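Encoded as C-alpha coordinates, the structure appears first; notes follow it.
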Amino acid sequence: MKTSLLCLVLVAAVAADKIPDFVVPGKCPAVDERMLYNQQRPNHQKYAGTWYEIALTNNPYQLIKKCVRNEYTYDGSKFNVRSTGSDAYGNAVTRNGQVLPNPFGEPHLSVDYEASWMAPYVILDTDYENFACIYSCAGHNFGYYADFAFIFSRSPSLADRYYRRCEAAFMSIGVDPSRFTKTAQGGSCSYNTNYRSW
(Lines give C-alpha, C1' and ligand atoms only; values in the text may rest on other atoms or scores of the structure.)
Protein backbone atom coordinates (compact mmCIF):
# COMPACT_ATOMS: atom_id res chain seq x y z
CA MET A 1 0.00 0.00 0.00
CA LYS A 2 1.43 3.34 -0.95
CA THR A 3 0.23 6.78 -0.07
CA SER A 4 2.31 9.60 -1.44
CA LEU A 5 1.84 12.18 1.28
CA LEU A 6 2.47 9.78 4.16
CA CYS A 7 5.55 8.54 2.32
CA LEU A 8 6.87 12.09 2.18
CA VAL A 9 6.45 12.36 5.94
CA LEU A 10 8.27 9.07 6.42
CA VAL A 11 11.11 10.23 4.16
CA ALA A 12 11.43 13.48 6.11
CA ALA A 13 11.46 11.63 9.42
CA VAL A 14 14.05 9.10 8.27
CA ALA A 15 16.21 11.81 6.68
CA ALA A 16 16.18 13.78 9.90
CA ASP A 17 17.14 10.69 11.94
CA LYS A 18 14.04 11.30 14.03
CA ILE A 19 12.00 8.19 13.36
CA PRO A 20 8.70 8.14 15.27
CA ASP A 21 8.07 4.96 17.25
CA PHE A 22 5.20 3.98 14.96
CA VAL A 23 7.57 3.88 11.96
CA VAL A 24 9.38 0.54 11.93
CA PRO A 25 11.87 -1.25 9.67
CA GLY A 26 10.38 -3.58 7.10
CA LYS A 27 7.57 -3.37 4.59
CA CYS A 28 3.80 -3.48 4.59
CA PRO A 29 2.33 -6.99 4.68
CA ALA A 30 0.92 -8.54 1.53
CA VAL A 31 -2.81 -7.88 1.37
CA ASP A 32 -4.98 -8.81 -1.62
CA GLU A 33 -6.45 -5.30 -1.80
CA ARG A 34 -7.85 -5.73 -5.30
CA MET A 35 -9.85 -8.82 -4.33
CA LEU A 36 -11.19 -7.16 -1.17
CA TYR A 37 -12.04 -3.91 -2.95
CA ASN A 38 -13.83 -5.66 -5.82
CA GLN A 39 -15.89 -7.69 -3.34
CA GLN A 40 -16.76 -4.72 -1.15
CA ARG A 41 -17.36 -1.95 -3.68
CA PRO A 42 -20.91 -3.13 -4.57
CA ASN A 43 -21.70 -3.19 -0.83
CA HIS A 44 -20.44 0.25 0.14
CA GLN A 45 -23.97 1.47 0.85
CA LYS A 46 -24.27 -1.31 3.46
CA TYR A 47 -21.13 -0.01 5.17
CA ALA A 48 -22.74 3.38 5.81
CA GLY A 49 -24.15 4.17 9.24
CA THR A 50 -22.72 4.24 12.76
CA TRP A 51 -19.48 2.50 13.72
CA TYR A 52 -18.03 2.57 17.26
CA GLU A 53 -14.29 2.15 17.73
CA ILE A 54 -13.72 -0.90 19.92
CA ALA A 55 -9.92 -1.18 19.72
CA LEU A 56 -6.94 0.23 17.84
CA THR A 57 -3.19 -0.05 17.56
CA ASN A 58 -0.91 2.80 18.63
CA ASN A 59 -1.96 5.80 16.58
CA PRO A 60 -0.73 9.30 17.48
CA TYR A 61 -3.04 10.75 14.82
CA GLN A 62 -6.17 9.48 16.55
CA LEU A 63 -7.03 12.59 18.56
CA ILE A 64 -10.31 11.19 19.90
CA LYS A 65 -9.38 8.79 22.68
CA LYS A 66 -12.64 7.66 24.31
CA CYS A 67 -16.26 7.05 23.33
CA VAL A 68 -15.31 7.16 19.64
CA ARG A 69 -18.39 7.12 17.42
CA ASN A 70 -18.13 7.40 13.62
CA GLU A 71 -21.06 8.32 11.38
CA TYR A 72 -20.55 7.28 7.76
CA THR A 73 -22.85 8.79 5.12
CA TYR A 74 -22.50 7.36 1.62
CA ASP A 75 -23.26 9.61 -1.36
CA GLY A 76 -22.82 6.98 -4.07
CA SER A 77 -19.11 7.56 -4.58
CA LYS A 78 -17.59 8.33 -1.17
CA PHE A 79 -18.35 8.38 2.54
CA ASN A 80 -18.56 11.58 4.55
CA VAL A 81 -17.48 10.83 8.11
CA ARG A 82 -18.22 12.61 11.36
CA SER A 83 -16.29 11.25 14.34
CA THR A 84 -17.15 12.26 17.89
CA GLY A 85 -15.87 11.40 21.35
CA SER A 86 -13.50 12.73 24.01
CA ASP A 87 -9.85 13.68 23.83
CA ALA A 88 -7.22 12.66 26.40
CA TYR A 89 -8.38 15.47 28.72
CA GLY A 90 -12.06 14.55 28.59
CA ASN A 91 -13.04 17.36 26.22
CA ALA A 92 -15.75 16.59 23.69
CA VAL A 93 -14.34 16.60 20.15
CA THR A 94 -15.67 16.29 16.61
CA ARG A 95 -13.55 15.53 13.57
CA ASN A 96 -14.85 15.54 10.00
CA GLY A 97 -13.43 13.65 7.09
CA GLN A 98 -14.15 11.39 4.18
CA VAL A 99 -13.42 7.88 3.00
CA LEU A 100 -13.17 7.76 -0.76
CA PRO A 101 -11.74 5.73 -3.64
CA ASN A 102 -7.97 6.14 -3.75
CA PRO A 103 -7.28 9.15 -6.01
CA PHE A 104 -4.17 7.49 -7.48
CA GLY A 105 -6.15 4.47 -8.69
CA GLU A 106 -4.85 2.01 -6.10
CA PRO A 107 -7.39 -0.75 -5.29
CA HIS A 108 -8.47 0.44 -1.84
CA LEU A 109 -10.30 3.26 -0.15
CA SER A 110 -8.43 6.19 1.40
CA VAL A 111 -9.29 8.13 4.53
CA ASP A 112 -8.86 11.90 4.60
CA TYR A 113 -9.59 13.80 7.85
CA GLU A 114 -9.24 17.52 8.42
CA ALA A 115 -5.86 18.51 9.92
CA SER A 116 -4.34 15.22 8.78
CA TRP A 117 -3.23 13.59 5.56
CA MET A 118 -4.73 10.93 3.34
CA ALA A 119 -3.98 7.32 4.25
CA PRO A 120 -5.01 3.88 2.97
CA TYR A 121 -8.28 2.49 4.34
CA VAL A 122 -8.55 -1.26 3.75
CA ILE A 123 -11.53 -3.17 5.12
CA LEU A 124 -9.90 -6.53 5.89
CA ASP A 125 -13.16 -8.12 6.99
CA THR A 126 -16.73 -7.06 7.78
CA ASP A 127 -20.23 -8.48 7.85
CA TYR A 128 -21.62 -4.91 7.56
CA GLU A 129 -24.05 -5.56 10.45
CA ASN A 130 -21.79 -6.21 13.45
CA PHE A 131 -18.07 -5.60 12.93
CA ALA A 132 -15.40 -4.19 10.65
CA CYS A 133 -11.63 -4.71 10.73
CA ILE A 134 -9.77 -1.73 9.22
CA TYR A 135 -6.09 -1.66 8.22
CA SER A 136 -3.87 1.15 6.96
CA CYS A 137 -0.24 0.75 5.97
CA ALA A 138 2.18 3.01 4.12
CA GLY A 139 5.74 2.05 3.28
CA HIS A 140 8.75 3.62 1.66
CA ASN A 141 11.72 2.42 -0.38
CA PHE A 142 14.11 3.12 2.49
CA GLY A 143 12.76 0.01 4.19
CA TYR A 144 10.40 1.53 6.75
CA TYR A 145 6.64 1.43 7.12
CA ALA A 146 3.88 2.65 9.41
CA ASP A 147 0.64 0.80 9.96
CA PHE A 148 -2.52 1.38 11.96
CA ALA A 149 -5.42 -0.96 12.65
CA PHE A 150 -8.93 -0.57 14.06
CA ILE A 151 -11.76 -2.82 15.19
CA PHE A 152 -15.22 -1.30 14.75
CA SER A 153 -18.66 -2.36 15.96
CA ARG A 154 -22.20 -1.25 15.17
CA SER A 155 -22.79 -0.86 18.93
CA PRO A 156 -20.63 0.34 21.84
CA SER A 157 -19.69 -3.28 22.59
CA LEU A 158 -18.68 -6.19 20.40
CA ALA A 159 -19.35 -9.88 20.93
CA ASP A 160 -16.23 -11.98 21.44
CA ARG A 161 -16.84 -14.02 18.29
CA TYR A 162 -16.67 -10.90 16.14
CA TYR A 163 -13.63 -9.55 17.99
CA ARG A 164 -11.88 -12.87 17.40
CA ARG A 165 -12.80 -12.71 13.72
CA CYS A 166 -10.96 -9.39 13.46
CA GLU A 167 -8.01 -10.81 15.39
CA ALA A 168 -7.87 -13.67 12.87
CA ALA A 169 -8.03 -11.23 9.94
CA PHE A 170 -5.12 -9.24 11.35
CA MET A 171 -3.09 -12.33 12.23
CA SER A 172 -3.53 -13.59 8.65
CA ILE A 173 -1.46 -10.59 7.44
CA GLY A 174 1.02 -10.71 10.30
CA VAL A 175 -0.42 -8.04 12.60
CA ASP A 176 -0.06 -9.15 16.22
CA PRO A 177 -3.41 -8.77 18.08
CA SER A 178 -1.51 -7.91 21.28
CA ARG A 179 -0.83 -4.50 19.69
CA PHE A 180 -4.49 -3.53 20.19
CA THR A 181 -5.72 -1.36 23.03
CA LYS A 182 -9.42 -1.29 23.90
CA THR A 183 -11.24 2.01 23.44
CA ALA A 184 -13.42 3.13 26.38
CA GLN A 185 -17.08 2.80 25.38
CA GLY A 186 -20.42 2.24 27.06
CA GLY A 187 -21.82 3.54 30.33
CA SER A 188 -19.31 6.35 30.84
CA CYS A 189 -20.04 7.77 27.36
CA SER A 190 -22.81 10.24 26.65
CA TYR A 191 -22.57 10.01 22.83
CA ASN A 192 -23.71 13.62 22.80
CA THR A 193 -23.88 15.00 19.28
CA ASN A 194 -22.99 18.55 20.41
CA TYR A 195 -19.22 18.30 20.19
CA ARG A 196 -16.74 21.01 19.37
CA SER A 197 -14.74 20.64 16.17
CA TRP A 198 -11.05 19.88 16.52
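The values are calculated or read from the model by the stated rules, or taken from the named source; none is laboratory data. Since we're looking at a predicted model, the values are computed, not measured. All Cβ positions, even for glycine, are placed from backbone atoms using ideal geometry, and neighbour counts span all protein chains on display. Each accessible area value is taken on the protein alone, full model and side chains, heavy atoms only, with ligands, DNA and RNA left out. Shrake-Rupley method; radii C 1.70, N 1.55, O 1.52, S 1.80 Å.
Assign unit charges at the C-beta atoms only (+1 for Lys and Arg, -1 for Asp and Glu), then state the dipole size of region 83-198 relative to its Cα centre in Debye, rounded to the nearest 20.
280
Over region 24-182, with the other protein chains present, what is the accessible area per residue in square angstrom, probe 1.4 angstrom?
Each residue of region 24-182 exposes 46 Å² on average to a 1.4 Å probe.
Please turn the phi angles of region 125-130 into ³J(HN,Hα) values with the Karplus equation 6.51 cos²θ - 1.76 cosθ + 1.60 (θ = phi - 60°), one per residue in order, whole Hz, x for glycine and proline.
Running phi through 6.51 cos²θ - 1.76 cosθ + 1.60 with θ = phi - 60° gives 7, 6, 10, 6, 9, 10 Hz.
Pull out a ≥ b ≥ c, the square roots of the eigenvalues of the alpha-carbon gyration tensor of region 118-163, then state rounded if a/c is under 1.5, prolate if not and a/b is larger than b/c, and oblate in the remaining case.
Details: a/c = 3.44, a/b = 2.89, b/c = 1.19.
It is prolate, given that a/c is not under 1.5 and a/b is the larger ratio.
At R0 = 25 Å, how high is the FRET efficiency between residue 160 and residue 106 if r is their beta carbon distance? Nearest 0.05 is fine.
Given R0 = 25 Å and the Cβ-Cβ separation, E is 0.15.
Would you calculate the separation in nanometres between label points at residue 66 and residue 96, each defined as 7 Å from the Cα along the Cα-to-beta-carbon direction?
With each label placed 7 Å out from Cα toward Cβ, I get 2.7 nm.
Roughly how many whole Å is it from the C-alpha centroid of region 35-106 to that of region 131-197?
Between the Cα centres of region 35-106 and region 131-197 lies a distance of 11 Å.
Rounded if a/c is under 1.5, else prolate if a/b is larger than b/c, else oblate: which is region 21-91, with a ≥ b ≥ c the root eigenvalues of its Cα gyration tensor?
Oblate.
Which percent of the accessible area of the chain is formed by carbon and sulfur heavy atoms (probe 1.4 angstrom)? It would help to have the intermediate numbers written out before the result.
Values: 4970 of 9710 Å².
Using a 1.4 Å probe with all protein chains present, the chain comes out at 51 percent carbon and sulfur.
Which one of 90, 28, 72 has its Cα pushed farthest toward the positive end of the charge dipole of region 24-182, where Lys and Arg give +1 and Asp and Glu give -1 at the Cβ?
Value computed over the given set: 90.
Quick one: Karplus J couplings for region 27-42, per residue in order, coefficients 6.51, -1.76, 1.60, θ = phi - 60°, nearest Hz, x for Gly and Pro?
Values, residue by residue: 9, 4, x, 6, 10, 7, 5, 4, 4, 4, 5, 5, 5, 8, 3, x Hz.
Let me make sure I get this right: for region 114-198, a, b and c are the square roots of the gyration tensor eigenvalues over alpha carbons, sorted descending. Under 1.5 in a/c it's rounded, otherwise prolate if a/b > b/c, else oblate. Which is it?
Judged from the Cα gyration tensor, region 114-198 comes out oblate (a/c at least 1.5, b/c at or above a/b).
Which one, 168, 115, 138, has the greatest fluctuation when you compute a Gaussian network model over the chain with C-alpha springs under 10 angstrom?
Among 168, 115, 138, the largest GNM mean-square fluctuation belongs to 115.
Compute, for the chain, the length of the dipole vector about the Cα centre, with Cβ point charges of +1 (Lys, Arg) and -1 (Asp, Glu) only. Units Debye, rounded to 20.
Roughly 280 debye, rounded to the nearest 20.
Sequence neighbours fewer than 8 away in the same chain don't count; with that in mind, list the aspartates and glutamates whose C-alpha is under 18 Å from residue 46.
Answer for residue 46, where 18 Å is the Cα cut-off: 71, 75, 125, 127, 129, listed by chain and number.
Can you put 171, 35, 118 in order of accessible area, largest first, using a 1.4 Å probe?
Result of the area sort, largest leading: 171, 35, 118.
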